[in-house]
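Notes follow the structure.
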Amino acid sequence: GLSAILATSTTAFTIVKLVGAAYLIVIGVRALLSRSMLPTEIAVGADPATYAAFRRGIITNLLNPKVALFFLAFLPQFVDPTRTVWTQVLVLGLTFVVLGFLTDGLYAVTAGTLARWLRQRRRFLRYASGSVFIGLGVSAALAKRS
C-alpha cells in the first residue's frame, strides 16, 4: 500500500521524507529548550517489578526454541564422534553460557555506569540528544533518493 506509493511517487516520497525530517528537528529543538531531560525521575535500585522482569526473561530464554536450534545446528560440528559426545556438548554448552553471562554482565555494568554518569550530566545529555535529533533531521532532509 503505502510503500508502493512511496516507491513509485517521487512527490509522495519527498513529502514523507520532509515531514519526518521536520519531526526530528522539532524533537531536537524541544530537547534543547526543555528544562529537564527526563519527564519523571527514575528510581535507582531494584524493586519487585525488576525481579519479576528478570525472572520472566530467564523463563523466556529457557523456553526459546532458537537457543535449542542453535545448539543442535552449531555445536555438533565441534564434537568429535570418537569421544564421549554428551560431555563434549555439555562443556561446549557451559562455555556458551559462561561467555554469554560474562558479556551480558559486562554490558549491564557498563550501562549502569553510563546511566549514572549521564544522570549527573543532564544538561550534556539534553544538548547531545537534541543535537543528534537535529542532525538526523537535517541529514534526512538533504538525503537523495537512491
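The values are calculated or read from the model by the stated rules, or taken from the named source; none is laboratory data. Note that this is a predicted model, so its numbers are computed, not measured. Here Cβ is always computed from backbone atoms with ideal geometry, including for glycine, and neighbour counts include all displayed protein chains. All accessible areas refer to the heavy atoms of the entire protein, side chains included, with ligands and DNA or RNA removed. Shrake-Rupley method; radii C 1.70, N 1.55, O 1.52, S 1.80 Å.
Scan the stretch 30-71 for residues that are at pLDDT 80 or above, part of a helix (DSSP H, G or I) and open to solvent by 100 Å² or more (accessible area, probe 1.4 Å) and the total you get is 8. Residue count for the stretch 81-110 under the criterion of being open to solvent by 80 Å² or more (accessible area, probe 1.4 Å) and closer than 14 Å to PHE71 by Cα: the result is 6.
Would the stretch 134-144 turn up any residue that is surrounded by fewer than 11 Cβ atoms within 10 Å (Cβ to Cβ) and not in a helix (DSSP H, G or I)? Yes: one or more hits. Identify, by number, the condition in (1) surrounded by fewer than 14 Cβ atoms within 10 Å (Cβ to Cβ); (2) under 27 Å from ARG35 (Cα atoms) that SER129 doesn't meet. Result: SER129 passes all but (1). Output the qualifying pairs, or none if there are none: Cβ atoms under 9 angstrom, residues six or more apart or on different chains, first residue in the stretch 1-13 and at pLDDT 75 or above, second residue open to solvent by 90 Å² or more (accessible area, probe 1.4 Å) and not in a helix (DSSP H, G or I). Hits for this filter: THR10/ARG145; PHE13/ARG145.
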